[in-house]
1. Check whether at least one residue in the range 105-124 is of a type in the set (Phe, Trp, Tyr) and either part of a helix (DSSP H, G or I) or at pLDDT 90 or above (or both), and report yes or no.
2. Among the residues of the range 132-150, what is the count of those that are surrounded by fewer than 20 Cβ atoms within 10 Å (Cβ to Cβ) and either in a helix (DSSP H, G or I) or charged (D, E, K, R) (or both)?
3. With the condition kept exactly as written, say whether any residue in the range 72-80 is assigned to a helix (DSSP H, G or I), buried (at least 19 other Cβ atoms within 10 Å of the Cβ) and out of contact with any His (no Cβ under 6 Å at 6 or more places or on another chain).
4. Could you check, for the range 56-69, whether at least one of its residues is over 19 Å from Leu16 (Cβ atoms), more than 14 Å from the chain's Cα centre (by Cα) and aliphatic (A, V, I, L, M)?
5. Return the only residue of Val11, Val42 being at pLDDT 85 or above and in a helix (DSSP H, G or I).
Amino acid sequence: MAGTGNATVKVYATTLLIPLGLFFVLAYIRMRLAPAGVEVAVRSIANLLGLFAVPPLIVFSYRVWAIENRSELPGWRNALGAGSIAILASLWLLYFSIAVFGFLRSTPLFSRDLTPMLLEVSLLAALLAFALKGLSRPLGLSAAVLVLTYLQAGIYR
């Protein structure tokens with residue numbers, strides 16, 4: 001199958017293109033003075049993708065890893081890959097629950113002191129996602145980048 005490598009590269013590229021593009025656009029907007037409408041639109045897209053696209057990416061990454069790649073990989077790589085998926089799921093659930101409970105209560109639950117730790121944990125999950133193999137790797141990396149973008153969308157100057 002000569003065309004499979006090319007198809008795999010296309011799947012990898014399309015899976016990573018939107019999260020990385022959104023990450024860099026948000027980073028550019030945070031560094032430069034952008035019109036208010038553009039900034040609000042980019043932050044809203046990052047929040048929506050962080051809320052609704054991350055859970056399916058985590059689930060699909062786990063399914064592909066568990067069904068196709070887990071038996072082929074050594075134990076240490078399986079542990080790193082499973083750790084990446086678990087960290088991403090728990091980080092997303094923590095940030096989502098903070099957002100929901102903060103929306104329901106009049107006093108905010110989220111402290112600015114937590115932001116650097118959450119950003120570092122999402123970077124750790126992205127690094128651990130490199131231990132995954134096949135399609136689960138770009139799915140895990142996309143989920144990690146979207147979580148990172150989702151966290152950064154809530155940071156204002």
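1. No: the range 105-124 contains no residue that is of a type in the set (Phe, Trp, Tyr) and either part of a helix (DSSP H, G or I) or at pLDDT 90 or above (or both).
2. Residues flagged as surrounded by fewer than 20 Cβ atoms within 10 Å (Cβ to Cβ) and either in a helix (DSSP H, G or I) or charged (D, E, K, R) (or both) within the range 132-150 amount to 1.
3. Yes, the range 72-80 has at least one match.
4. Yes, the conditions are met somewhere in the range 56-69.
5. Val42
Per-residue answers, yes or no, for (1) over 16 Å from the mean Cα position of the chain (by Cα); (2) farther than 18 Å from Phe24 by Cα:
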position	(1), (2)
Leu88	no, yes
Met117	no, yes
Lys133	yes, yes
Val147	no, no
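Here's the yes/no breakdown for (1) among the polar types (S, T, N, Q); (2) surrounded by 13 or more Cβ atoms within 10 Å (Cβ to Cβ); (3) touching a residue at least 12 places away in the same chain (Cβ under 8 Å):
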residue: Glu39; (1), (2), (3): no, yes, no
residue: Ala53; (1), (2), (3): no, yes, yes
residue: Pro56; (1), (2), (3): no, no, no
residue: Ile67; (1), (2), (3): no, no, no
residue: Gly83; (1), (2), (3): no, yes, yes
residue: Leu88; (1), (2), (3): no, yes, yes
residue: Trp92; (1), (2), (3): no, yes, yes
residue: Gly102; (1), (2), (3): no, yes, no
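The values are calculated or read from the model by the stated rules, or taken from the named source; none is laboratory data. Since the structure is predicted, the reported quantities are computational estimates derived from the model, not experimental observations. Virtual Cβ from ideal backbone geometry, glycine too; neighbours counted across all protein chains shown.
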